[in-house]
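*Asks:* Before I ask anything, here is the structure I am working with.
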Amino acid sequence: MVSVLQSIDSGHEDLIHGAEIDYYGLNLATCSSDNCIKIFDIKNGGQRLKADLKGHGGPVWQVAWAHPKFGNILASCSYDRKVIIWKEVNGEWTKSNEYSNHDSSVNSVAFAPHEYGLILACGSSDGSISILTFNTESGNYDFKKIPNAHTIGCNALSWCPSAVPEAAFDQRGKQNQPATNGIPLQVKRFVSGGCDNTVKIWKEDGDRWVEERRLDVHSDWIRDVAWAPSIGLPSSRIASCSQDRRVIIWSTEDMTTWTPHILNTFDDVVWNVSWSLTGNILGVSGGDNKISLWKENNDGIWTCISQDTENAKDDQRVM
Amino acid sequence: MSGNEENVCVVADKLSEMCGLTGKFITNELISVHGFQPVLSTSRDVPTKFANTSEVNVFHISQAFALDDSVLRGLVSESSSIFYNLQTAKDKTSEFYLHTSRSYRSAIRATLNKLREAIDDEDSNSDDVKKYENFVTIFYSIECSWHLCEFLLIDSSSISTVPNLLEWTKFHFPSPSQNAAEMLINLDRDVDVRSNYWVTVKGLILQGQIDIARALLKLHSSSETMTFQLAEKDLQSMPIFSSHGGLSLQKFRSQWSYWSTTLISKIDSGLYSTEPDLEDIMKLITGDKATWMEVCKDSNCWYEHFAGFLFFTQPSAKYFELGASVNSWLSQWASSKGSSGFTNLNHLERMVLAVLKNDMAEFIHSIQDIADNKWFVVHLTDLLVHCDQLRMSNEGDNTSLVIALRENLIYDYGAMLMSRGSLWEIGMDYLEFSSSEGLGAREILLQRIPIKNDLQATNVIAVARRHGLAAIEQDICRVMVKRSMSLHNYGNALEWAIRSRDNIYVTKVANVFLFHYCKTGKMLHKDLLAHVGAKMFISPRLLFLVKYFDFHRYFSSRALAQAAELLVNLLDSKIIPEFFWPSLLADAIPLLEHNEPIIPSKETYIIMHHLESNLIPFIEKKNRQRENINTDHGDDIELNLIDGYPDDLVQLLRLACARNLSRAMIIENTLIH
């Protein structure tokens with residue numbers, strides 16, 4: 001039986017667009033159309049407001065937590081074209097950096113896998129994507145920009161996990177990677193989706209970011225993309241969802257050939273896709289106000305594991 | 001207890017009702033849900049129409065989790081060690097599997113006892129009682145069907161199916177034996193006036209307990225009559241089938257058919273008609289359908305009398321032959337109950353049915369619906385796969401299927417435990433024995449175990465080490481460094497940084513120690529610094545910190561010669577942080593100005609060299625930065641440092657060097673002569 005474990009009153013005055021839990025699940029950050037970001041301590045099932053961050057001049061679309069080994073760091077992006085990085089110092093949350101190099105609303109922020117260092121990708125309605133890298137010597141963020149990544153705008157970003165195995169013969173681009181514990185890290189990659197109906201995979205090549213693959217199957221704007229966590233399998237997966245009402249799961253063995261598999265065509269636009277921590281369950285939510293869970297069985301067939309909700313009352317939100 | 005509850009969670013939220021909702025995974029077991037409206041390129045920077053209309057909530061949704069209940073935790077941990085033994089045992093004999101199965105069952109029975117105690121302890125109306133009563137139903141069903149699987153599938157030495165089934169029935173329907181025992185102990189001559197006398201005797205017959213039934217019949221007040229005597233004779237002469245030794249099956253059958261034909265003719269000729277109860281018993285023994293249907297009317301469930309029926313009709317039946325018998329018995333039973341068969345069976349009855357029909361696919365499917373967070377299906381499937389007794393279909397080889405099934409179940413169970421509070425360590429053990437995905441998942445999930453304090457961090461690290469996940473250890477240390485720093489617990493931060501072996505983190509913490517010294521003239525955490533030992537080589541900054549601390553110890557214990565030697569070595573070492581030049585050179589002044597000259601001329605030149613080539617450029621740089629303070633933040637701490645040193649530090653140093661040099665040269669030159 002599924003039930004509500006905890007309900008948190010965010011206290012925002014308007015809709016929230018993002019609610020992110022930090023790495024250990026001890027803090028919750030919410031961002032809202034009321035231009036504010038709130039941080040709650042939700043340890044042990046409680047709810048205590050730790051900070052109410054005001055710094056954006058427009059609705060805040062998304063927040064993202066950095067890995068705690070960098071300290072308590074939160075990034076936010078807003079309609080006001082800014083990306084702000086907030087930091088907790090001596091128990092006080094303050095603005096530590098502000099990035100305002102986009103010409104339009106910034107829709108998505110995502111921190112890279114922590115093994116690569118403190119790196120943030122930002123996707124904007126101006127069609128470009130910025131990659132901010134924290135420079136430990138200067139204490140500031142260096143940035144690189146991919147102009148015109150998606151015409152009309154980039155809606156979503158998701159990083160490739162650091163431990164995705166790569167084909168052994170492909171040694172390109174590996175030479176400049178830092179190593180942890182003697183294991184060379186993979187080339188940095190992320191996936192983005194935008195208003196040009198495409199899903200694109202980007203990879204770092206020397207000091208530039210280049211488009212590695214462009215996946216063209218969706219027939220309308222991409223609303224969300226999610227790279228599945230890696231659990232040491234040779235394959236890698238991305239889920240994408242679109243206003244064409246479809247969710248597609250892209251899979252690859254070698255990072256070169258991506259095979260699309262249409263998970264389902266839903267009754268309504270699909271807004272969000274989200275992988276479970278170990279990448280074996282995909283959560284899908286959309287305009288029909290349902291969240292459905294999908295799992296691949298032993299025969300490689302994806303089935304919905306949350307039951308059909310046809311007979312639930314119309315005025316109730318169900319999963 | 002099970003099954004078909006809606007797998008749907010209704011979130012009562014006014015806002016989501018109006019605008020819609022979205023959700024995302026937090027952990028494998030937790031989903032966060034909140035009201036949502038998509039942002040489009042046409043979205044404008046204005047409050048939405050939902051602004052200030054109702055509470056804006058975030059909901060955390062999760063599968064109900066029973067296993068962290070205080071009573072069930074014991075079962076979880078005990079079963080995990082049985083599970084672990086099963087995976088790691090070297091000598092896996094059939095006795096070992098039977099022993100393992102019995103250990104699991106005894107763990108379930110212990111849990112049932114604890115649950116019953118817990119129910120007795122609670123106020124009968126409390127919610128806990130209802131919860132525990134529900135658990136009792138669940139775990140009773142589990143034990144009951146596990147027991148069945150044990151002698152039918154796991155115990156390979158068992159060849160006598162029907163006697164085992166009778167034993168199992170006796171165990172789960174104990175009232176005839178209990179009543180009989182009570183009557184026999186009291187040796188009550190008037191036993192037959194008791195209302196339950198015949199019920200008990202028939203109950204014993206229905207469970208094949210002929211000898212005890214005979215003993216009870218002897219207590220009857222009419223036991224000396226002809227009819228009772230006849231019954232005693234007939235029952236005594238009844239042939240009993242035994243799979244070990246005795247009669248061959250063929251011989252038994254001919255004996256039985258002779259004996260029962262005689263009995264039927266006695267019944268038909270009315271020899272038992274004076275005692276209708278005795279007559280019923282004899283009819284049951286001969287397998288008379290109408291009489292069996294009559295007793296089925298009062299039965300609690302379909303399998304209560306099934307074993308007894310087999311005992312009198314097919315005593316030599318083997319497990320794989322039971323399917324047909326079960327079907328015909330079930331339809332007979334259903335028609336006597338006036339029901340249409342399978343539809344009214346409860347979950348346990350359906351589980352027992354699936355096992356007896358040897359329909360393992362159906363059985364495994366139905367036990368997944370039990371609200372025990374899959375405890376039963378995981379452990380039983382694993383055991384059955386180990387002893388190679390799980391057949392999911394009769395066609396072809398299903399080895400890969402059952403192996404995949406086992407791996408998936410263990411994976412899900414392990415991942416669930418790892419995502420649920422304090423049972424995560426147990427979860428690790430399960431994932432270790434699931435699949436290659438399980439090993440990967442272990443690493444991901446272990447990293448996310450919430451660390452709230454040093455003790456928990458140490459605990460997670462110990463587990464990570466045991467499983468060879470060294471990268472996790474390093475990351476946890478880094479997290480602890482950051483946390484300790486933000487709490488100003490620098491000693492702790494240094495310890496964690498050293499454990500992380502990460503030069504950047506160690507340098508950061510060592511800098512705090514050095515800054516603090518520059519500002520206050522005091523060393524932090526001297527005990528700690530005194531015991532860093534060889535680990536100081538992790539980072540040049542730490543090396544410098546420890547060496548500088550040694551210098552202090554020499555100095556304060558008046559070992560001035562060693563202090564001076566170390567100081568000069570440090571000056572030449574190239575590991576001095578730039579900001580520390582003023583402080584380090586200032587330390588030279590008392591040594592230079594000491595009554596007895598300690599620093600020889602050559603070393604004095606070294607000091608003078610660093611004064612000119614390091615300290616002066618540093619001061620100039622800082623002065624420049626101070627002028628530009630409005631344009632550049634710079635490093636506040638470093639800027640403050642220079643304020644602690646008056647401009648005449650350089651003057652003092654130069655003078656001290658000059659004076660010491662003159663004294664040293666006089667002495668040195670004197671010695672030469």
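*Asks:* Taking a threshold of 25 Å on the Cα-Cα distance, which of the pairs B:Lys482/B:Lys535; B:Lys218/B:Lys251; B:Lys202/B:Lys297; B:Lys202/B:Lys266; B:Lys233/B:Lys337 fall above it?
*Replies:* Where the Cα-Cα span goes over 25 Å, the pairs concerned are B:Lys218/B:Lys251; B:Lys233/B:Lys337.
*Asks:* Could you work out how far apart the two model spin labels at A:Glu137 and B:Ser328 are, taking each label as a point 7 Å from the Cα in the direction of the beta carbon, and quote it in nm?
*Replies:* Here the answer is 9.1 nm between the modelled labels.
*Asks:* OK, next. Under a crude label model (7 Å from the Cα following the beta-carbon direction), how far is A:Ser104 from B:Ser242 in nanometres?
*Replies:* With each label placed 7 Å out from Cα toward Cβ, I get 9.1 nm.
*Asks:* Only Lys, Arg, Asp and Glu count, each charged at its Cβ (+1, +1, -1, -1), so figure out the dipole size of the stretch B:428-564 about its Cα centre, rounded to 20 debye. Intermediate results must be reported in sequence, preceding the final value.
*Replies:* Numbers: 19 positive and 11 negative charges, 145 e Å.
Rounded to the nearest 20 debye, it is 700 debye.
*Asks:* Still on this structure, please answer the following. For chain A, what does the relative contact order come out to in percent, with C-alpha contacts under 8 Å and a separation of six or more?
*Replies:* RCO, chain A: 7 percent.
*Asks:* Please list, or write none, the aspartates and glutamates whose alpha carbon is within less than 12 Å of the alpha carbon of B:Lys289, excluding same-chain residues fewer than 8 places away.
*Replies:* B:Asp280
*Asks:* What base-10 log of the normalised intensity I(q)/I(0) is obtained for the stretch B:477-569 from the Debye formula, alpha carbons as equal point scatterers, at q = 0.11, 0.18, 0.19 Å⁻¹?
*Replies:* After summing over all Cα pairs, the log10 values are -0.30, -0.76, -0.84.
*Asks:* Order the peptides B:153-162, A:149-158 from the highest to the lowest mean number of other Cβ atoms within 10 Å of their residues. Don't skip to the answer; put the middle values down first.
*Replies:* Numbers: B:153-162: 17.9, A:149-158: 23.0.
My ranking of the peptides, most packed first, is A:149-158, B:153-162.
*Asks:* Can you give the average number of partner chain beta-carbon atoms within 10 Å of each beta-carbon in peptide B:439-451, as a whole number?
*Replies:* 5
*Asks:* Using +1 on the beta carbon of Lys and Arg, -1 on that of Asp and Glu, and nothing else charged, what's the dipole of chain A about the Cα centre, debye to 20?
*Replies:* 620
*Asks:* Let me ask something else about it. Angle check, please: helix B:276-285 long axis (alpha carbons) against the longest principal axis of chain B (alpha carbons), in degrees 0 to 90, nearest 10.
*Replies:* 60
*Asks:* Run the numbers on chain B and let me know its relative contact order in percent, using alpha-carbon pairs under 8 Å that are six or more apart. List each step's numbers first, then the result.
*Replies:* Values: 675 pairs, mean separation 56.4, N = 673.
Relative contact order, chain B: 8 percent.
*Asks:* What number, in nm² with one decimal, is the all-direction average of the projected area of the convex hull of the alpha-carbon atoms of the stretch B:80-157?
*Replies:* 5.6
*Asks:* Return the ratio Rg/(2.2 N^0.38 Å) for the stretch A:10-148, where Rg is computed over Cα atoms only.
*Replies:* Normalised Cα radius of gyration, the stretch A:10-148: 0.99.
*Asks:* Kirkwood hydrodynamic radius of chain B from all distinct Cα pairs, in Å?
*Replies:* 33.6
*Asks:* Roughly how many Å is it from the Cα centre of the stretch B:503-540 to that of the stretch B:53-79, as a whole number?
*Replies:* 44
*Asks:* Along the charge dipole of chain B, pointing to its positive end and built from +1/-1 on Cβ of Lys, Arg, Asp and Glu, which listed residue (B:Phe618, B:Thr291, B:Val355) has its Cα farthest out?
*Replies:* Of the options given, the answer is B:Phe618.
*Asks:* In bins 10 Å wide, starting from 0, what share of all Cα pairs of the stretch B:392-450 does each bin hold, as a percent?
*Replies:* P(r) for the stretch B:392-450, in whole percents per bin: 26, 44, 18, 10, 1.
*Asks:* Largest first and to the nearest Å, give the Cα extent of chain A along each principal axis.
*Replies:* For chain A, the Cα spread along each principal axis is 59, 50, 39 Å.
*Asks:* Shifting gears a bit: Could you give the length gained on full extension between B:Ser77 and B:Ser400, defined as 0.36 nm per residue of separation minus the Cα-Cα distance, in nm?
*Replies:* Full-extension gain reported as 113.4 nm.
*Asks:* How many Cβ atoms of partner chains, on average, are near each residue of A:25-32 if near means within 10 Å of its Cβ? Intermediate values should be presented prior to the final figure.
*Replies:* Numbers: counts 8, 3, 0, 4, 0, 4, 0, 4.
Taking the mean over all residues of the peptide, I get 3.
*Asks:* Per 20 Å bin from zero, what fraction in whole % of the C-alpha pairs of the protein assembly as shown is there, up to the bin with the longest pair?
*Replies:* Going from the shortest bin to the longest, the percentages are 11, 32, 27, 18, 9, 3, 1, 0.
*Asks:* Using only Cα atoms, tell me the angle between helix B:454-466 and the longest principal axis of chain B; keep it within 0 to 90° and round to the nearest 10.
*Replies:* Approximately 70 degrees, to the nearest 10.
*Asks:* What is the packing order of peptides A:93-103, B:526-536, A:65-75, B:600-610, taking the mean over residues of other C-beta atoms within 10 Å and listing the highest first?
*Replies:* A:65-75, B:600-610, A:93-103, B:526-536
*Asks:* Taking each residue of A:128-135 in turn, how many C-beta atoms of other protein chains fall within 10 Å of its C-beta, and what is the average?
*Replies:* Details: counts 0, 0, 0, 0, 0, 0, 0, 0.
Average neighbour count from other chains, rounded to a whole number: 0.
*Asks:* I've got another one for you. Mind listing P(r) for the stretch B:456-522? All alpha-carbon pairs, 5 Å bins, whole percents.
*Replies:* 4, 19, 25, 21, 14, 8, 4, 3, 1, 0
*Asks:* Mind grabbing the base-10 log of I(q)/I(0) for the stretch B:497-672 at q = 0.17, 0.18, 0.19 Å⁻¹? Debye formula, identical points on the C-alpha positions, no solvent, two decimal places.
*Replies:* Debye output, listed in q order: -1.12, -1.21, -1.31.
*Asks:* Given that compact globular proteins tend to follow 2.2 N^0.38 Å, what is the ratio of the alpha-carbon Rg of the stretch B:347-472 to that value?
*Replies:* 1.25
Read the figures in this text as sums done on the coordinates, not as results from a lab. Bear in mind that the values here come from a model prediction, so they are computed numbers and not experimental data. Quick reminder, even Gly has a Cβ in these numbers, built from the backbone with ideal geometry, and neighbours come from all protein chains shown.
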